[in-house]
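Below is one structure; the comments refer to it alone.
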Amino acid sequence: MPRAAVVGLAGTVLDVAERELILALPPAGVILFQRNCTDRAQLRALTDELRTLAPSRRLPVFIDQEGGRVMRLRPPHWRPLPAARDIGRLAADDLPAGREAARLLGRLIAHDLREVGIDIDCAPVLYVATPAMTEAIGSRSFSAQPGIVAELAAAFAQGLLAGGVAPMIKHLPGHGRAVVDSHLELPVVKASLAELADGDFEPVRALAHLPFAMTAHVVYPALDPELPATTSGQVITATIRGKLGVRGLLLSDDLAMNALSGAPADRAVAALAAGCDLALYCPGRIDDSRAVLQAVPTLAPSLLARLDGVLGALRQAGIEPFSPEPAAERLAQLLGGTVA
């Protein structure tokens, strides 16, 4: 049985230690980063090899491919793609055109990911932009208007699904008000419950039905005065699952980020205890990955069935017919040639 964690890899090929770890302590899935992706042939060979190590199931492969500056598949081997902010600016003037652009972006990304054996995109982001938001968010937000964020994120997710890739909403319950980068330190968002409900929560409610979601390493004193959402049972149970109605499998954000303290294995245990379904550890450091996989339990059969069921349903549904070059041309036309 796989363990309740998703882990990263060190490089572009599996080394002996990684292969042995995946066989001995199989993760629920693997996440890839730019360090793992050279070109299409190399990446497809890597995902194919990963799946030979899990012959009884399709090992899920995750990636962050949003467009703009958060792209693990980058030029020259993959096309440049616009940032969410570019699409949001279009939508501010012409919402139907913005929705079309967001769906095209998701569909283009799905085409690229399916081609190399990647199943799950850690996108769309649901950040509602604020004047003081950290540059770690910046162009990744569609809009300062919660309704537009919800509309465009939904269209992006539809594009992914049409191409046979599962979307993942992030980072919950909301990250747009953070004024420091959680990769570097722990953000504290001091907004009131009413402010969160009127802003950050709206896109989450609208997309709560999607199959995957990811927590934020952010403290919200209005929800829990001490713990970040990732390790707060109160935030996960009462807000993310309760008030916001999120039904998908819930992953922690990367447990290697400096917003959290303690050893990676301890962080993983705390995230699962709080209500995350899967612990995410991304850096590909083999000793820490091993410690995380040893510390977490095997994935509950019901959760494993849900995880594998999402991928099975996508394969059964088939892929919408699609020609990437005309779609890319149409996207560029909509945006006036703007690519971030």
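Here, each number is a calculation from the coordinates, and none is a lab measurement. This structure is a prediction, so every number in the text was calculated from the model and none was measured. Here Cβ is always computed from backbone atoms with ideal geometry, including for glycine, and neighbour counts include all displayed protein chains.
Tell me, what are the semi-axes, in whole angstrom and largest first, of the equivalent ellipsoid of segment 217-331 as set by the roots of 5 times the Cα gyration tensor eigenvalues?
On the way: eigenvalues 180, 75, 60 Å².
Working through the eigenvalues yields semi-axes of 30, 19, 17 Å.
Per-residue ellipticity at 222 nm for the chain, helices alone: DSSP H runs ≥ 4 residues times -39500 (n - 2.57), over residue total, nearest 500 deg cm²/dmol? Walk me through the intermediate numbers first.
Numbers: 11 runs with 131 residues, N = 340.
Using -39500 (n - 2.57) per qualifying helix, the result is -12000 deg cm²/dmol.
Using the Karplus equation 6.51 cos²θ - 1.76 cosθ + 1.60 (θ = phi - 60°), what ³J(HN,Hα) coupling, rounded to whole Hz, does each residue of segment 20-26 give in order, writing x for Gly and Pro?
Coupling constants for segment 20-26: 5, 5, 5, 6, 7, 10, x Hz.
Under unit Cβ charges (Lys, Arg +1; Asp, Glu -1), what dipole magnitude, rounded to 20 debye, does segment 1-84 have relative to its Cα centre? Can you show the working numbers first?
Numbers: 12 positive and 8 negative charges, 52 e Å.
Dipole about the Cα centre, nearest 20: 240 debye.
Would you mind putting 186-197, 159-170 in packing order, based on average other-beta-carbon counts within 10 Å, highest first? Write out the running numbers ahead of the final one.
On the way: 186-197: 16.1, 159-170: 23.8.
Those peptides, ordered most packed to least, come out 159-170, 186-197.
Just subtract the alpha-carbon distance of Ser323 and Arg57 from 0.36 nm times their residue separation and send over the number in nm, one decimal. Mind showing how you got there, number by number?
Numbers: separation 266, 0.36 × 266 = 95.76 nm, distance 2.99 nm.
92.8 nm is the gain from fully extending Ser323 to Arg57.
I'd like the projected area of segment 92-160, averaged over all directions, using the convex hull of its alpha carbons. Report it in nm² with one decimal. Provide the component values of the computation, followed by the final result.
Working: hull surface 19.2 nm².
Projected area, direction-averaged: 4.8 nm².
Mind checking the alpha-carbon convex hull of segment 265-333 and giving the volume per residue in Å³? Present the calculation step by step, with values, prior to reporting the outcome.
Working: hull volume 11.6 nm³, N = 69.
Here the figure is 168 Å³ per residue.
Per residue, how big is the convex hull around the C-alpha atoms of segment 196-261? Give it to me in cubic angstrom, could you?
Numbers: hull volume 5.3 nm³, N = 66.
In segment 196-261, the Cα convex hull volume per residue is 80 Å³.
Mind checking the alpha-carbon convex hull of segment 1-88 and giving the volume per residue in Å³?
Working: hull volume 9.0 nm³, N = 88.
So the per-residue Cα hull volume is 103 Å³.
If you average 1/r across every pair of different Cα atoms in the chain and take the reciprocal, what Kirkwood value do you get, in Å? Numbers along the way, then the final one.
Numbers: mean 1/r = 0.0503 Å⁻¹.
Across the chain, the inverse of the average 1/r is 19.9 Å.
Please work out whether segment 37-144 counts as rounded, prolate or oblate from its C-alpha gyration tensor, where a ≥ b ≥ c are the square roots of the eigenvalues and a/c under 1.5 means rounded, while otherwise a/b larger than b/c means prolate and anything else oblate? If you can, show how the numbers build up before the last one.
Values: a/c = 2.34, a/b = 2.13, b/c = 1.10.
Prolate shape, in that a/c is at least 1.5 and a/b is the bigger ratio.
Could you tell me which of rounded, prolate or oblate describes segment 71-206, using a ≥ b ≥ c as the square roots of the eigenvalues of the alpha-carbon gyration tensor, with rounded for a/c under 1.5 and, failing that, prolate when a/b is larger than b/c and oblate otherwise?
On the way: a/c = 1.84, a/b = 1.48, b/c = 1.24.
Cα axes put segment 71-206 in the prolate bin.
Using only alpha carbon pairs under 8 Å that are at least six residues apart, calculate the relative contact order of the chain and give it in whole percent.
Answer for the chain is 20 percent.
Any idea what the alpha-carbon Rg over 2.2 N^0.38 Å comes to for segment 140-295?
1.01
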